[in-house]
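Here's the structure, in structure tokens; my notes come after.
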Amino acid sequence: MYPSLVINLTDKCNMNCQYCPKGGENLQELNEETLCDIDTIKLFLKAYVDYCKRRKWKEKKVLRITGGEPLLSAERLHTILKYAYTIGFEKIVLCTNGVEFEKCYEMSRGVWEQVKDIVLLKISLDTLNKDTFCEMTGSNYRDKVIQNIQFARSKGFKIELN
């Protein structure tokens, strides 16, 4: 099995989950100024694709997008999704809490429809119990997450609950 490329798109999040480190997955508390700009991220994506080609890897070129909450940086996310698709990534795993999915989708339907077949939405839904959800995530977004899961399914996205 070959590695995937992981991009931590942002350190911002709209939840405060007990198990998540400050700043998100694999991050310390940062600010936008310390994150890579879009051109640098594109450079990494292209370098990874080129490396895979040089190595003649047969496995899919996989990009994993995480954060904080990537959907909170919709413009950056849409740019990265479109670029990754264009240069040959064959699978994109988007790790999200799902709260902003419909809003983010509506901002750039064309991009989402273009990449839909290679995107796996890995959505965190820790529990169905409303009180436990609130306690675990520091938010009361459970119903919104469930609505967005249903929305994503209705649009034909592949979903994995985390």
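The values are calculated or read from the model by the stated rules, or taken from the named source; none is laboratory data. Remember, it's a predicted structure, so these values are computed and weren't measured experimentally. Cβ placement follows ideal geometry from the backbone for every residue including glycine, while neighbour counts extend to all protein chains displayed. These accessible areas exclude ligands, DNA and RNA; they are computed on the full protein's heavy atoms, side chains included. Shrake-Rupley method; radii C 1.70, N 1.55, O 1.52, S 1.80 Å.
Annotations
- Residue pairs meeting the criteria (Cβ under 6 Å; at least 6 apart or on separate chains; first touching a residue at least 12 places away in the same chain (Cβ under 8 Å) and open to solvent by less than 50 Å² (accessible area, probe 1.4 Å), in region 134-160; second assigned to a helix (DSSP H, G or I) and among the acidic types (Asp, Glu)): 148/102; 151/102
- Subset of region 6-42 that is loosely packed, with under 11 Cβ neighbours inside 10 Å and not charged (D, E, K, R) - its residue that is modelled with the highest pLDDT: 40
- Summed over region 43-69, the residues that are touching a Gly at 6+ places or on another chain (Cβ under 9 Å) and not acidic (Asp, Glu) give a count of 7.
- Verdict on residue 69 being open to solvent by 30 Å² or more (accessible area, probe 1.4 Å) and either over 15 Å from residue 160 (Cβ atoms) or modelled with pLDDT under 95 (or both): no
- Region 43-65 - residue that is outside any helix (DSSP H, G or I) and of a type in the set (Lys, Arg) and, of those, surrounded by the most Cβ atoms within 10 Å (Cβ to Cβ): 61
- Being of a type in the set (A, V, I, L, M), closer than 20 Å to residue 20 by Cα and touching a strand residue (DSSP E or B) at 6+ places or on another chain (Cβ under 6 Å) is a property that does not hold for residue 99.
- Residues that are touching a residue at least 12 places away in the same chain (Cβ under 8 Å) and among the charged types (D, E, K, R), drawn from region 119-133: 122, 126, 130
- Among the residues making up region 39-71, those that are in contact with a Cys (Cβ under 6 Å, 6 or more places away or on another chain) and of a type in the set (D, E, K, R) are 61, 69.
- Qualifying residue in region 88-104 (condition: closer than 21 Å to residue 141 by Cβ and open to solvent by 50 Å² or more (accessible area, probe 1.4 Å)): yes
- Enumeration of residues in region 105-117 that are open to solvent by less than 30 Å² (accessible area, probe 1.4 Å) and aliphatic (A, V, I, L, M): 111, 115
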